[in-house]
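Heads up: the structure comes next, in structure tokens.
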Amino acid sequence: MGPSFSMIISAVFFSYIAYSLWVMVEIFYPKPCEGPPKSCLTSYLIVRPKPTFGLRLYTSTRYLAPSEQDLTLVWDYHNFSLTEPTNDVVNVTLPLKTRRNGTLYGHIFFFLRGRDPFFDKHTVHTQVSLTSYSLPESKVVNLLTDKTPNASVELNQKPVSHWRSKITINVVQEDLSLNRNAIPGELYRYIKFSPEGFYLPIVFIDELSNRLSDLQIINTTTRTLSLKVNYAPISIGKLRLWTSMMDSMKAMKTLGFKEKDVDELKGIFTDTNLVLLLLTFAVSTLHLLFDFLAFKNDINFWRGKKSMEGLSSRGVVWRCVSTMIIFLFLLDQESSLLVLIPAGIGAFIEFGKVSDKEKQTNEFDSEAMKYLSYVLYPLCICGAIYSLIYIQYKSWYSWFINSLVNGVYLFGFLFMLPQLFVNYKLKSVAHLPWRAFMYKAFNTFIDDVFAFIITMPTAHRLACFRDDVVFLIYLYQRWLYPVDKTRVNEYGMSYEEDKVKTDSKKKKKDE
């Protein structure tokens, strides 16, 4: 018997992980140039006596090579040290052009101390925009006391100039020699040469650290804004990785991803350390694999299922309704396509599960739901009323869908409990789709990791740990109740039936 489709897919995924790890190692540990001196590029940092540097930040409404008269000095790192991080907060006066929906640029000069940075050929000059054009945030109001925002006004909004309240400057502190004929593409764009033929220290502006939460809208009356200036040394490996990520995010925008999608991805890279980042990459790949296998086995289970015996029919209906509500909630929140697509597929699969019920199971199911309804309905109603009074929303639809999804997130585990009650009454768990269930269970624990890494609503974070509790109870029931081999498995087949079919096939071959 050849390998199954699931085994092939798993092998492809693990091969991809191994290849990606190898690429990461090559990025972080580039080989130094070992050829003749003429074929190597040497860093200016090896010059003796060791050079001392200065770092300054100017502002201007012009981007390309302005003269000194066009620049305004806003930050000067007097006691600059290449290896010591620092951060300062400075006040920046905005020109009239910037206040009128214009742009303001930051000009960074990295130069030899004691020399004029505008005329010395050892100066490294780079630019960055200190403003960004973005749509204003959707207004939220109290639906009972304030006027509901006009939908037509929201649709006609145009991007306006926003202030980036933070800038991060990095300088490579390594003096690695590079092969002149094999310069990494991520470094080539930053390399500048001194008159002596050395490549000057690489200055890098960390665009990944710019988040949407750092933006401030600029009004015509705004004359001065604060700017947090951060400096930190950076390794060549991290610079190459960050540059690749920045290029990938620009490509995502061209493919139709929204600014919010890209910003959430930035948070994964900037808000976590490197080890946790690599762990996140591996975990994300496993999550995608288990999602695919869970969908596949879930579909196989329900295609082969002949009745709802042993399954909570109300739980099935609830999962169908709840996944659709979550999908609509994600649409209202303008969530990433990476989140929307799996949610949409899951809602479609759950919709196809709703069918006729088995009588005995339905009796146990009704008994369990009768007790749970005493708790569920009052909590949902009280939660919706509380949020209407004390929380602001964009519209009545936004309040409605948020109230529904809060019921799904916070109290959805109550609808998982009828299945536990059915298992208890039947004293068996053989009727459950265990293969698909185990894949989903692995994803549940992976979601726990994401709950600490990715920015998400508190209710959704609690929902991740809610599933853990139910899964552990399922495992206890599987240990407690022995599997009856005459019961059907997740594909509608029992062990005894499968054995009879196998024996009959052998007899036919012998004949």
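Given the condition over 30 Å from LEU130 (Cα atoms), in contact with a Cys (Cβ under 8 Å, 6 or more places away or on another chain) and among the hydroxyl-bearing types (Ser, Thr, Tyr), answer yes or no: does some residue in the stretch 13-24 qualify? The answer is no, given that none of the residues of the stretch 13-24 is over 30 Å from LEU130 (Cα atoms), in contact with a Cys (Cβ under 8 Å, 6 or more places away or on another chain) and among the hydroxyl-bearing types (Ser, Thr, Tyr).
For the stretch 64-76, name all the residues that are modelled with pLDDT of 90 or more and touching a Ser or Thr at 6+ places or on another chain (Cβ under 9 Å). Within the stretch 64-76, LEU71, THR72, LEU73, VAL74 qualify. Only residues that are part of a loop (DSSP other than H, G, I, E, B) and of a type in the set (S, T, N, Q) were counted across the stretch 30-51, and they come to 1.
Out of the stretch 224-236, which residues are farther than 30 Å from PRO95 by Cβ and surrounded by fewer than 18 Cβ atoms within 10 Å (Cβ to Cβ)? I'd like the intermediate steps shown before the answer.
So the first thing to find is which residues in the stretch 224-236 are farther than 30 Å from PRO95 by Cβ, and the list is 233-236.
Passing the criteria: PRO233, SER235.
Among the residues of this structure, ASN101 counts as one that is in a loop (DSSP other than H, G, I, E, B) and surrounded by 14 or more Cβ atoms within 10 Å (Cβ to Cβ).
For every residue, the table says whether it meets (1) within 28 Å of the chain's Cα centre (by Cα); (2) outside any helix (DSSP H, G or I); (3) under 23 Å from VAL160 (Cβ atoms); (4) not assigned by the TED database to the domain that holds ILE46.
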| site | (1), (2), (3), (4) |
| --- | --- |
| ASN170 | yes, yes, no, no |
| LEU176 | no, yes, no, no |
| ALA182 | no, yes, no, no |
| ILE191 | no, yes, no, no |
| PRO195 | no, yes, no, no |
| SER213 | yes, no, yes, no |
| ASN219 | no, yes, yes, no |
| THR222 | no, yes, yes, no |
| TYR231 | yes, yes, no, no |
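Only one of the numbered conditions (1) without any contact (Cβ under 8 Å) to a residue 60 or more places away in the chain; (2) over 17 Å from SER129 (Cα atoms) is not met by ARG211, and that is (2). If you check SER248 against the conditions, is it surrounded by fewer than 16 Cβ atoms within 10 Å (Cβ to Cβ), among the polar types (S, T, N, Q), free of Cβ contacts under 8 Å to residues at least 24 places away in the same chain and out of contact with any helix residue (DSSP H, G or I) (no Cβ under 7 Å at 6 or more places or on another chain)? Against the criterion (surrounded by fewer than 16 Cβ atoms within 10 Å (Cβ to Cβ), among the polar types (S, T, N, Q), free of Cβ contacts under 8 Å to residues at least 24 places away in the same chain and out of contact with any helix residue (DSSP H, G or I) (no Cβ under 7 Å at 6 or more places or on another chain)), SER248 qualifies. All conditions in (1) in contact with a Phe, Trp or Tyr (Cβ under 8 Å, 6 or more places away or on another chain); (2) surrounded by fewer than 19 Cβ atoms within 10 Å (Cβ to Cβ); (3) outside any strand (DSSP E or B) hold for LEU239, with the sole exception of (2). Given the condition touching a Leu at 6+ places or on another chain (Cβ under 6 Å) and either closer than 30 Å to ILE183 by Cα or charged (D, E, K, R) (or both), answer yes or no: does some residue in the stretch 76-92 qualify? Within the stretch 76-92, one or more residues are touching a Leu at 6+ places or on another chain (Cβ under 6 Å) and either closer than 30 Å to ILE183 by Cα or charged (D, E, K, R) (or both).
Rundown of residues vs (1) at pLDDT 65 or above; (2) not in a loop (DSSP other than H, G, I, E, B), yes/no style:
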| residue | (1), (2) |
| --- | --- |
| ASP120 | yes, no |
| GLN127 | yes, yes |
| SER132 | yes, yes |
| GLU137 | yes, no |
| THR145 | yes, no |
| PRO149 | no, no |
| GLU154 | no, yes |
| GLN157 | yes, no |
| SER161 | yes, yes |
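The values are calculated or read from the model by the stated rules, or taken from the named source; none is laboratory data. Values in this document were obtained by computation on a predicted structure and should not be read as measured data. Ideal geometry is used to build each Cβ from the backbone, glycine not excepted, and the neighbour counts take in all protein chains shown.
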